[in-house]
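*Asks:* Supplied in structure tokens, the structure appears directly below.
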Number of protein chains: 2
Amino acid sequence: MRALYLGPEGLVVRRDHPRPAPREGEALIRLLRAGICSTDLELVKGYAGFHGVLGHEFVGVVEEPTGGDWAGKRVVGTINLGCRRCPTCIGDGPEHCPERTVLGIAGHDGAFADYLTLPVANLLVVPDEVDDDVAVFTEPLAAALRIRDQVAVEPSARLAVVGPGRLGLLIAQVLALTGSRLVVLGRRAASLELPRQLGLQVGLSTEAPADAFDLVVEATGNEAGLAESLRLVRPCGTLILKSTFHGAATVDLTKLVVGEVRIVGSRCGPFAPALRLLASGSVAVRPLIDGRYPLERGLEAMAHAARPGVRKILLDP
Amino acid sequence: MRALYLGPEGLVVRRDHPRPAPREGEALIRLLRAGICSTDLELVKGYAGFHGVLGHEFVGVVEEPTGGDWAGKRVVGTINLGCRRCPTCIGDGPEHCPERTVLGIAGHDGAFADYLTLPVANLLVVPDEVDDDVAVFTEPLAAALRIRDQVAVEPSARLAVVGPGRLGLLIAQVLALTGSRLVVLGRRAASLELPRQLGLQVGLSTEAPADAFDLVVEATGNEAGLAESLRLVRPCGTLILKSTFHGAATVDLTKLVVGEVRIVGSRCGPFAPALRLLASGSVAVRPLIDGRYPLERGLEAMAHAARPGVRKILLDP
């Protein structure tokens, strides 16, 4: 089968990659659509030391097991595979299992291929009214929703999302559903065009006042964006780190301590609410699609996704 | 009067510093005892750019106003002086007022002198059963209690306090009162002698397992201690930054985001509960006293406080 494979020699398109064999409890899934995420770009740069098939945002059709209820179902899937035995798995789920593998990120081949495997326990059926181009946003939208699992967002709060990128615009839309005063901040006016079209308030991050926001979401993944976000959050406010950061960065600890700021790392989120919001049309995702490539043009797709200002690039096998 | 003064030329003992004149609403307080804090040591190194009389941990006697209820009262005092008009002051108190001054730290002469001034609104009467050597710990004990304002500490949680210093041992004692499994971690066995004598569990930080603690309090104030603390906190756990950090430091953002760690900056805390705990004898502070100097030997006192392993140095005018 075709697969976008990250090996020691870098990223390559393989045409003869072996089709994965589902293990007990796993489904074989034929890919319908996949999405490229900033984490995929970081993985290629060496983040997490992953070698294997990339990709963790997908929608597909279950081919095996052919018995039972799953055959032929159109599904999305959560990406963490835990041991299912440790206290973390039993108490909180697989997201923080120390033995976990992660689809297309750690120890488990991903979705940028004709076929992938996942435990059926990870799968959710996609409602008919959510088509493939929309369903492929389930994983990043769930990640955006994770913020609402972690902190109570008061409807009267002042919110800023720093970074109007592919993840930032999902976060902003999800948080705007609270009724909060929310502004999307970017460094370039051009990057604010789409959020404005989506009906979001926008502004240049450099012009935003210091200490002005109750909740700031850092969605740039770079050190400058982090410094800007920390500048913007008010004393006793909350700063959410929502992007993949590769390694260490310098943080202004004086502001953090004197301002009693709360920083919260945030990763994977709940799929079922994401599917409900996609089904209801409460979050616009189609305007984020900036390109579409077949698997064999995967390298071109990744290069396109890496360009500044580009939002979602899809792989359409 | 005598005063320990930090000027552009560094720290000096002045014998003819003018006695401060209380402004409207302020009391003139004669010093009975003061304590040296790590923040004082940082201020001398240039933190916050403060010039003036140092000192913010004190107990004293009100000399003026001579009318009203305050004359002759033995008092401690909160250290933030807000504008009392802004939404922050009205809603949350003066601790985060953007116009605030801070006793001995920012824009208001401090307590390392024969006399100091503070608004009477900042004062609390010290109960008779709390003597001066104990009462002088009210401010740092309140700072330790601030943690319990900010996060719910479950009695069944696993807690670590990193840094068995003058502040760390107050934090550890306060948190141990929750009934939690708490360990005080240090880098040198000698530093763990006192916490062991205080009945606290102790361990070497380098030997403590990664990801093992629900709540970690960073009380070293240095970058190595911060890195160690972040290593120790479990996924979805909380890391409290309780020390004065001067400027920026490098932080492992991958652990922060992937582990969904919560970092909370923590500063000044509630005085009334601190006085109650001192009055009840629930927190041992006398064993922390490592030295005592008159004001004119203030430079010697500061040098003593800066030595590794030294806990509280008092100024006894």
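*Asks:* Which of the residue pairs A:K255/B:K312; A:K255/B:K242; A:K242/A:K312 have a Cα-Cα distance greater than 19 Å in the structure shown?
*Replies:* Cα-Cα > 19 Å for A:K255/B:K312; rest within.
*Asks:* Counting alpha carbon pairs within less than 8 Å and at least 6 residues apart, what relative contact order, in whole percent, applies to chain A?
*Replies:* It comes to 19 percent, rounded to a whole number.
*Asks:* Still on this model: Just in segment A:11-90: which GluC sites (Glu not before Pro) are loop by DSSP and have at most 10 other Cβ atoms within 10 Å?
*Replies:* Of the GluC sites (Glu not before Pro), the ones in loops of segment A:11-90 whose Cβ has at most 10 other Cβ atoms within 10 Å are A:E24.
*Asks:* Give me the percent relative contact order of segment A:147-265, please, defined on Cα pairs under 8 angstrom at least 6 residues apart.
*Replies:* Averaging sequence separation for qualifying contacts and normalising by length gives 22 percent for segment A:147-265.
*Asks:* Quick check on chain B: helices-only [θ] at 222 nm, where DSSP H runs of length 4 and up contribute -39,500 (n - 2.57) each and the sum goes over total residues. Nearest 500, please.
*Replies:* Taking each H run of at least 4 residues, the total per residue is -6500 deg cm²/dmol.
*Asks:* How many nanometers, to one decimal and shortest first, lie between the label point of B:E193 and those of its other copies, if labels sit 7 Å from Cα toward Cβ?
*Replies:* Output for B:E193: 7.1 nm, nearest copy listed first.
*Asks:* Which residue, B:A135, B:A160, B:A106, has the most motion in a Gaussian network model of chain B that connects Cα atoms within less than 10 Å?
*Replies:* Evaluated over chain B, the most mobile residue of the options is B:A106.
*Asks:* Moving on to the next point. Return the whole-Å distance between the Cα centroid of segment B:240-309 and the Cα centroid of segment A:103-118.
*Replies:* So the two Cα centres are separated by 48 Å.
*Asks:* Something else: Expressed as a whole number of Å, what is the distance separating the alpha-carbon centroids of segment A:28-75 and segment A:210-234?
*Replies:* 32
*Asks:* Per residue of A:233-246, how many C-beta atoms from partner chains lie within 10 Å of its own C-beta, taken as a mean? All intermediate terms of the calculation are to be shown ahead of the outcome.
*Replies:* Working: counts 0, 3, 8, 8, 1, 2, 1, 1, 6, 1, 2, 4, 8, 2.
Averaged over the peptide's residues, the number is 3.
*Asks:* Provide the solvent-accessible area of A:W70, counting protein heavy atoms only and rolling a 1.4 Å probe, rounded to the nearest 10 Å².
*Replies:* 60
*Asks:* To continue, here is another question. Scattering from the C-alpha atoms of the protein assembly as shown alone, worked out with Debye: what is log10 I(q)/I(0) at q = 0.05, 0.06, 0.11, 0.12 1/Å?
*Replies:* -0.28, -0.39, -1.03, -1.16
*Asks:* With a cap of 15 neighbouring Cβ atoms within 10 Å, and only residues DSSP puts in a loop, list the GluC sites (Glu not before Pro) found in segment B:82-190.
*Replies:* Working: sites: B:E95, B:E99, B:E129; in loops: B:E99, B:E129.
When the GluC sites (Glu not before Pro) of segment B:82-190 are filtered for loop state and at most 15 Cβ neighbours within 10 Å, B:E99, B:E129 remain.
*Asks:* Another question, if that's okay. List the residues whose amide H sits under 5 Å from the amide H of A:V126, counting only those 5 or more places along or on another chain, with H placed 1.01 Å from N in the peptide plane.
*Replies:* Sorted by chain and number, the residues that satisfy this are A:R74, A:V75, A:V76.
*Asks:* Springs between alpha-carbon atoms under 10 Å, Gaussian network over chain B: tell me which of B:G72, B:G168, B:G52 tops the mean-square fluctuations.
*Replies:* Result: B:G72 has the largest fluctuation of those listed.
*Asks:* Which distances in nm, rounded to one decimal and ordered from shortest, link the label point of A:A48 to the equivalent label points in the other identical copies, with labels set 7 Å from Cα toward Cβ?
*Replies:* Sorted ascending, the copy-to-copy spacings read 4.3 nm.
*Asks:* Let me ask something else. Per q in 0.09, 0.10, 0.12, 0.23 1/Å, what log10 I(q)/I(0) does a Debye calculation on the alpha-carbon atoms of segment A:147-265 return?
*Replies:* Cα-only, vacuum Debye calculation for segment A:147-265: -0.20, -0.25, -0.36, -1.43.
*Asks:* Translational diffusion coefficient of chain A at 25 °C, 0.890 mPa s, Stokes-Einstein with Kirkwood Rh over Cα pairs, in µm²/s as a whole number.
*Replies:* Rounded, D is 123 µm²/s.
*Asks:* Also, quick follow-up: Within a 10 angstrom radius of each residue's Cβ in A:95-102, how many Cβ atoms of other chains show up on average? Whole number is fine.
*Replies:* Across the residues of A:95-102, the mean count of other-chain Cβ atoms within 10 Å is 2.
*Asks:* Tell me which residues come under 5 Å, amide H to amide H, from B:V184 once H is placed; ignore anything under 5 positions away on its chain.
*Replies:* B:V161, B:Q201, B:V202, B:G203
*Asks:* Another question about this same structure. Of the candidates B:R297, B:R276, B:R23, which one comes out as most mobile in a Gaussian network treatment of chain B with C-alpha springs shorter than 10 Å?
*Replies:* B:R23
*Asks:* Distances from B:A71 to the same position in the other copies: list them in nm, one decimal, shortest first, using label points 7 Å from Cα along Cα→Cβ.
*Replies:* With the label placed 7 Å along Cα→Cβ, B:A71 yields 9.7 nm.
*Asks:* Using a/c under 1.5 as the rounded threshold, could you call segment A:75-190 rounded, prolate or oblate? The axes a ≥ b ≥ c are square roots of the C-alpha gyration tensor eigenvalues, and prolate needs a/b larger than b/c, oblate otherwise.
*Replies:* Here segment A:75-190 falls in the prolate category.
The values are calculated or read from the model by the stated rules, or taken from the named source; none is laboratory data. Not measured: the values here are computed from a predicted model. So basically every Cβ, Gly included, is an ideal-geometry build from the backbone, and we count neighbours across all protein chains shown. Note: areas computed on protein heavy atoms with side chains; ligands, DNA, RNA excluded. Shrake-Rupley method; radii C 1.70, N 1.55, O 1.52, S 1.80 Å.
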